[in-house]
Every structure is written in structure tokens, then in C-alpha cells.
Amino acid sequence: MDKIQNFRCPRIVFGNRAIEKIADEIKSQNSKKIMIITSKSNRPNAQKIRDLLSGFEVEIFDAVEPEPSLGTLSKCIESLKNGGHDTVIGLWGGIVLDVAKAAAVLCKNPGTPHDYLGIDKIKNAGLKKILIPTTSGTGSEVTHVSVFLDENKKKVVMYSPYLFADLALIDPVLTLSLPKKITAETGMDALGHAIESYISLNASPLTESLSLKAIELIGKSLQLAVEDGSNLEARYNMSLAATVAGIAFLNAGCNLGHALALAVGGKYNISHGLSVALMMPYAVEFNAQTAEEKLKVVCGLLCEKKGEKKSKKKKSAAETIRDLMKSIGIDGHLTNYGFRAEDIKELAETTMAASRLLVNNPRKVTLEDVVRLFERVK
Ligand SMILES: [Fe+2]
């Protein structure tokens, strides 16, 4: 109760068909020339936004790949450098939003993206940024973090207050066409944010309330959204869950689960959401005793929908998460994605390098702990 927290959050416009407000927002920001940054697969949505912005000069950059490298970011920065744009719209999942917000800022900073990896290296504010997610998971639209793959296929991270969006425009209707696999994996990323921020040493009553709401919504709606993508209520709940979980982890931080996920995601080229899902049960097991009471609450919220609370045998949080993964079609075995015992030392060292995450973990983590954890991985 004595903890004083500096709570950060960008401006958010949230709701079904919120995208229809885009022209009003662009007008109120006095923007003249806009670059929409997206992927080729999302070109129809970008075109829809361009149509809503008739009367403004709008270009589309659609060359962002599924796992963007620093090379892609550099190309995007070059397109913005001499283009005279004043506003960037990032459209798609977190990986595209990460490129969009970094490009919008780095086009006004000298040097290469390498110069700005790490914490608070960026000196100049960039172009205005509107971030529009079409997935429900990463929370990138509300955070000041961008993640990329470097030349050695390692995940590298950039943190800066300049990476915050001027506006996060979140429209659950845009997620209706999301395929089952992406719905499942991004939904598990949101769950990782919610659980890790909830048990974080840096959690506060403000962040805990958001984390709990996200867990409740995911327990109620993730399976429904995967089973029937056209279920707008489930999609709305998942968009809301991803948003509030994003704000919770922005302020309370993630921890061991994401440190493990960054290591395996880079090593085996696994999507961020799937990496988070695969490592979540192991991280939760590691923290089971230190965060026992909180993890009981997590279990209760995830099981509520199916009335599993009433069953005689209480499931652990890790079992509950594994069951959820099964119910949404995620194969939870890391061995099926390339994991080999010979890689354990390297994976453990990469995990330990994410000290900014591990510092928030409720149980102290050592290299030996992480090696033992990976020895149990199937
Ligand atoms: Fe994440």
C-alpha cells in the first residue's frame, strides 16, 4: 500500500468500428502526409484506411515480414527519411506495430537501428504515430517497446518513451478475419502478459486490477474466439483483454515466462505468441511456491467458464494453462519445434541475458535454475 507508482498509458480509442474515426483523428492532429506501415497480407485493411482518408496524401509500405529484422526496419526508415511524411499509421499485429513505431522515431535520429537497441538510447521525438492492431495479443499499441530479430536470429529490444503511440486505435471488428492459429497464439501472448504482470514484483493495485480483468476475459473468450472467429463478443473481449494486459505489463513488467520465450523464439524461429505459450507452464511451475496465492486466483479465473472450480481435484496453474492450450489447438511440446538437449546451455544463457525481465520475477532466478528448467522441457 505504500508503493507509489508512475502509471503510464498512451491515449486509446477503443470499440467496434472505432476505425471509422480515423479521418477525424488525422484532422485533429493536423496531419498532411501519412505512411501506412503494414504487411502484404494486410493490404486490404490498409486500402480500407486509405479510402477512409480520402483528401489526405497517403502512402502504403507493405514490406514488413512475419518476423521483422533490423534490415526491414532500416528499409522502412529510408522510405520515411526523405518522404516528407508527418504521421505513421502502423497496422497489423505487434511485429508490424513494432516496426512502425521504431521507424517513425528513428527516421528523425541519425545512425542505424543498432545504435538505439537497449534502454532509453533515442534522443529525438519522431513523427506522429497511430497504432491500429488487427490481432489481440502483443499489446504493442500501448507500450514503448519494439522487438526485432538481429543478424544472428537473436531477439533484440528497443525501449524508449518516444516509442509510445500518440493514439492506439483499437477496433475489435478488424480481428474478425484473424485465422485460428494466430488467434490462439496471440491470445496466449496476452495471457502471458496478464499472468506475468500479476505476479511481478513490480505489480501494484492499479496493474493487478488490469491483469485480473485480462485473465478473466481470456478464460471466458479465447476458446470461443478460436472456435468461431466471427463471434464478435468473444473478439471484443479478446481485444479488451490484450489492451488491459498490455497496459498492465507496460507498468508492472513481464518476467521469467517472457525471458524464456525470447530465448526459444529466436533459437527455433517460433512466433512470439507461441513461444510465450510453450514456456508459460514451466515459468508458472517455477514460480508456484513464491506466488502460490496469486496463481490460485489465476486458476480460478481461467477455470470459471467451465465450472471446473467445482471439480474435486484442484488443478495447478500449469495444468490449467496446458489444458487451455490443448483446447485451442496448440501443440505444447517444444521438442516438436526443434528443441534439443544440446541447446540447453545456450538457451539458459540467452534467458539470463534478459535481466530487465528477470528482475521482476517473484522468485530469484539463477543460470542453474534455468538449466534445470530446460532439462524438464518436453
Ligand atoms: Fe509478449
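Could you tell me whether Ser74 is part of a helix (DSSP H, G or I), over 20 Å from Ile19 (Cβ atoms), touching a Pro at 6+ places or on another chain (Cβ under 7 Å) and not β-branched (Val, Ile, Thr)? For Ser74, the condition - part of a helix (DSSP H, G or I), over 20 Å from Ile19 (Cβ atoms), touching a Pro at 6+ places or on another chain (Cβ under 7 Å) and not β-branched (Val, Ile, Thr) - is met. For the stretch 175-184, the set of residues classified as surrounded by 24 or more Cβ atoms within 10 Å (Cβ to Cβ) and within 15 Å of the ligand (Cβ to nearest atom) consists of Ala184 only. Screening the stretch 131-143 for residues that are more than 15 Å from the ligand (Cβ to nearest atom) and farther than 18 Å from Ile77 by Cβ and picking the one that is surrounded by the most Cβ atoms within 10 Å (Cβ to Cβ) gives Ile132. Apart from one condition, Phe148 fits all of (1) more than 15 Å from the ligand (Cβ to nearest atom); (2) more than 26 Å from Lys21 (Cβ to Cβ); (3) surrounded by 22 or more Cβ atoms within 10 Å (Cβ to Cβ); the exception is (1).
No other residue among Ser271, Ser230 is touching a Pro at 6+ places or on another chain (Cβ under 9 Å) and of a type outside the set (Lys, Arg) apart from Ser271.
The residue of the stretch 45-100 that is nearest to Val147 (Cα to Cα), among those that are within 16 Å of the ligand (Cβ to nearest atom) and touching a His at 6+ places or on another chain (Cβ under 8 Å), is Ile95.
Pairs linking a residue in the stretch 264-275 that is under 16 Å from Lys378 (Cα atoms) and without any contact (Cβ under 8 Å) to a residue 24 or more places away in the chain to a residue that is β-branched (Val, Ile, Thr) and crowded, with 20+ Cβ neighbours inside 10 Å, with Cβ atoms under 7 Å and 6 or more positions apart or on different chains, are Ser275/Val264. When residues in the stretch 329-378 are screened for being outside any loop (DSSP other than H, G, I, E, B), over 20 Å from the mean Cα position of the chain (by Cα), β-branched (Val, Ile, Thr) and surrounded by 13 or more Cβ atoms within 10 Å (Cβ to Cβ), 3 of them pass.
Of the set (1) under 30 Å from Ile4 (Cα atoms); (2) more than 15 Å from the ligand (Cβ to nearest atom), all apply to Glu342 but (1). Looking across Leu256, Leu274, Leu295, one residue alone is farther than 18 Å from Ala203 by Cβ and modelled with pLDDT of 95 or more. It is Leu274. Within the stretch 4-41, the set of residues being in a helix (DSSP H, G or I) and either touching an Asp or Glu at 6+ places or on another chain (Cβ under 8 Å) or closer than 17 Å to Gly126 by Cα (or both) comprises Ala18, Ile19, Ile26, Lys40. Before we move on, is Leu302 at pLDDT 95 or above and surrounded by 23 or more Cβ atoms within 10 Å (Cβ to Cβ)? Against the criterion (at pLDDT 95 or above and surrounded by 23 or more Cβ atoms within 10 Å (Cβ to Cβ)), Leu302 does not qualify. Looking across Gly266, Gly273, one residue alone is under 14 Å from the mean Cα position of the chain (by Cα) and part of a helix (DSSP H, G or I). It is Gly273. Taking the criterion of being surrounded by fewer than 24 Cβ atoms within 10 Å (Cβ to Cβ) and either outside the structural domain of Tyr198 (by TED's automatic domain parsing) or away from the ligand (no atom under 13 Å from the Cβ) (or both), the residues of the stretch 245-275 that qualify are Asn251, Gly266, Lys267, Tyr268, Asn269.
The values are calculated or read from the model by the stated rules, or taken from the named source; none is laboratory data. Just so it is clear, the structure is predicted and the values come from calculations on it, not from any experiment. Here the Cβ is made from the backbone with ideal geometry for all residues, glycine too, and neighbour counts use every protein chain on show.
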